[in-house]
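Worksheet: the structure to be examined is printed underneath.
Just so you know, all these numbers are worked out from the coordinates, no wet-lab data involved. This structure is a prediction, so every number in the text was calculated from the model and none was measured. Cβ placement follows ideal geometry from the backbone for every residue including glycine, while neighbour counts extend to all protein chains displayed.
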Amino acid sequence: GAGVSQSPSNKVTEKGKDVELRCDPISGHTALYWYRQSLGQGLEFLIYFQGNSAPDKSGLPSDRFSAERTGGSVSTLTIQRTQQEDSAVYLCASSRQIRNTGELFFGEGSRLTVL
Amino acid sequence: AQRVTQPEKLLSVFKGAPVELKCNYSYSGSPELFWYVQYSRQRLQLLLRHISRESIKGFTADLNKGETSFHLKKPFAQEEDSAMYYCALRNNNNDMRFGAGTRLTVKP
């Protein structure tokens, strides 16, 4: 595709359920980022994948959050036993490694609502 | 560790007035600073980067290493500038961290 694709665009779930959010980065982009966007918290870093290197997980808020990236492309962010405070828009972004100008290309986000 | 601070969550100005969105950072290495913007119902996108020293849509930002600041400025704000603005810092590992954002409203 032409841009970063995220699914689902909207997800409503009950407290305690698990959710999976998917990100398809731009083809050829080796760097992939997950952020959480919420009112009052701005754009909060979650996790960063760079090629075959170990991901930077330092932003994951708790052990209920995990993410993986298969084959260096698609990434899945999993939230287990969701809580109401997990409600937010989850943004994925990708960027090039070679000749990287620092521009991140963002998806439209997945809006998660935990009831 | 890197840190980006945007002290103003909300900023409101009248059309034609100057606007300045503040950004301060802390980072022990050589920083690369960026401004990203999100217009209503659009994706977050790059506005400008400090290394380019460019003016985009009338906006400029100068990296001040002494004050560790990268404030975004525009001499005459327009209504279409109303948006959410994020300052960002990239470290040597290509890791990008954002500030909390400032919502700019330009009133007619």
Convex hull volume per residue for chain A, taking Cα atoms only, in Å³: 97
15 Å Cα-Cα reach of residue A:11 towards aspartates and glutamates, excluding residues that sit fewer than 8 places from it in its own chain: A:20, A:85, A:86, A:108
Kirkwood hydrodynamic radius of the protein assembly as shown, from inverse mean 1/r over distinct Cα pairs, in Å: 18.0
Cβ charges +1 (Lys, Arg) and -1 (Asp, Glu), total dipole of the stretch B:1-106, debye: 160
Cα-centred dipole magnitude for the stretch A:18-115, charges only on beta-carbon of K, R (+1) and D, E (-1), debye, nearest 20: 200
For chain B: span of alpha carbons on each principal axis (Å, largest first): 42, 29, 24
Value of relative contact order over chain A, rounded to a whole percent, pairs C-alpha under 8 Å and six or more apart: 38
